[in-house]
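Colleague: One structure, as structure tokens, below. Some questions next.
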């Protein structure tokens with residue numbers, strides 16, 4: 001059995017790595033300007049592609065982990081309010097005048113704090129409403145997202161016009177042209193969280209049996225739950241700090257991966273991370289190319305939402321019996 005899992009994991013990593021690497025090469029090669037590795041355009045484009053890959057890897061792993069923790073296919077950091085909390089934390093940091101020199105450190109920490117607070121608040125509201133069922137978690141996520149959105153709106157009204165514009169541009173979900181040093185600094189936060197989630201993926205299989213059953217099988221359920229909460233908040237905070245709000249990657253990708261590799265979360269979390277990177281890189285490539293003729297470029301968050309919203313509705317209908325449970 002262990003040899004079989006090891007072989008399947010090797011295939012999953014190999015296939016996912018090829019998919020991710022291929023998407024990075026394609027996105028780096030295609031653009032308004034022809035491919036030339038010595039051109040300034042390539043020097044600008046490649047960091048953007050790498051940032052998209054990092055963000056996609058992070059969001060894919062988080063989505064798969066939240067779905068395992070909550071035992072439902074509709075969990076996603078965007079839907080559950082985690083991203084909204086991260087956005088509120090980052091907005092407050094920007095509004096308070098974070099120095100540019102410290103932005104790469106302060107913004108991820110502020111977004112992490114907001115993401116963790118939002119995640120714990122959703123979990124607490126769901127528990128108090130009669131248990132963490134899918135319905136209660138989704139409704140709690142809607143409430144937390146609405147509160148975060150209202151608070152962000154209030155902050156934008158109270159700050160200067162320049163600060164409000166800065167917050168608005170940051171929140172729309174763009175993968176920007178960042179310096180390598182900035183990407184490396186923020187990626188460290190995401191890397192720590194993703195490694196923790198992958199390491200806990202085996203215990204996620206036991207959590208899917210229910211808290212009581214997992215405890216009987218030797219899992220320290222509260223500790224694992226807290227570890228997943230903190231890791232997902234750290235990852236989402238890092239992504240939101242650089243890219244703003246990008247939704248539905250953590251919803252669409254794990255579901256597609258699960259259809260291919262099955263329900264084993266050791267494969268699902270790893271596969272979702274690699275496939276999530278490829279998905280977001282290709283979505284950003286589509287945003288760059290498809291709208292070039294119009295002389296504009298939509299945020300990649302709009303592209304992922306266009307794909308994710310129909311999938312979310314389809315999953316909601318497909319799992320309607322489970323939702324009402």
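The values are calculated or read from the model by the stated rules, or taken from the named source; none is laboratory data. Just so you know, these numbers come straight off a predicted model, no measurement behind them. Virtual Cβ from ideal backbone geometry, glycine too; neighbours counted across all protein chains shown.
Colleague: I need a count of the residues in the stretch 129-150 that are modelled with pLDDT of 80 or more and over 14 Å from residue 83 (Cβ atoms).
Modeller: Count: 4.
Colleague: Which one of these is at pLDDT below 80, within 24 Å of residue 58 (Cα to Cα) and assigned to a helix (DSSP H, G or I): 103, 118?
Modeller: Within the list 103, 118, the selection yields 103.
Colleague: Need the failing condition index for residue 219 against (1) closer than 28 Å to residue 8 by Cβ; (2) part of a helix (DSSP H, G or I); (3) over 15 Å from the mean Cα position of the chain (by Cα); (4) at pLDDT 85 or above, just the number.
Modeller: (2)
Colleague: Which one of these does residue 263 not meet: (1) touching a residue at least 40 places away in the same chain (Cβ under 8 Å); (2) out of contact with any helix residue (DSSP H, G or I) (no Cβ under 7 Å at 6 or more places or on another chain); (3) in a helix (DSSP H, G or I)?
Modeller: (3)
Colleague: Moving to a separate point now. Just wondering, is there one or more residues in the stretch 173-184 that are in contact (Cβ under 8 Å) with a residue 40 or more places away in the chain, at positive phi and either over 17 Å from the mean Cα position of the chain (by Cα) or surrounded by 17 or more Cβ atoms within 10 Å (Cβ to Cβ) (or both)?
Modeller: Looking through the stretch 173-184, at least one residue is in contact (Cβ under 8 Å) with a residue 40 or more places away in the chain, at positive phi and either over 17 Å from the mean Cα position of the chain (by Cα) or surrounded by 17 or more Cβ atoms within 10 Å (Cβ to Cβ) (or both).
Colleague: Right, another one. In the stretch 190-211, which residues are part of a helix (DSSP H, G or I), touching a residue at least 60 places away in the same chain (Cβ under 8 Å) and under 17 Å from residue 70 (Cβ atoms)?
Modeller: Within the stretch 190-211, 197, 201, 204, 205, 207 qualify.
Colleague: Still on this model: Return yes or no: is residue 214 modelled with pLDDT of 80 or more, part of a helix (DSSP H, G or I), over 26 Å from residue 313 (Cα atoms) and within 20 Å of the chain's Cα centre (by Cα)?
Modeller: When the stated conditions are applied, residue 214 does not pass them.
Colleague: Here's something else I'd like to know. Please indicate, with yes or no, whether at least one residue in the stretch 122-142 is out of contact with any helix residue (DSSP H, G or I) (no Cβ under 6 Å at 6 or more places or on another chain), outside any loop (DSSP other than H, G, I, E, B) and farther than 29 Å from residue 72 by Cβ.
Modeller: For the stretch 122-142, residues out of contact with any helix residue (DSSP H, G or I) (no Cβ under 6 Å at 6 or more places or on another chain), outside any loop (DSSP other than H, G, I, E, B) and farther than 29 Å from residue 72 by Cβ: absent.
Colleague: Hey, another quick one. Filter the stretch 230-266 for residues that are within 22 Å of residue 11 (Cα to Cα) and surrounded by fewer than 24 Cβ atoms within 10 Å (Cβ to Cβ) and give the result.
Modeller: Within the stretch 230-266, 255, 256, 258, 259, 260, 261, 262, 263, 264, 266 meet the criteria.
Colleague: Looking at 51, 74, 46, which is the one that is surrounded by 18 or more Cβ atoms within 10 Å (Cβ to Cβ), modelled with pLDDT of 80 or more and on the phi < 0 side of the Ramachandran plot?
Modeller: Among 51, 74, 46, only 51 is surrounded by 18 or more Cβ atoms within 10 Å (Cβ to Cβ), modelled with pLDDT of 80 or more and on the phi < 0 side of the Ramachandran plot.
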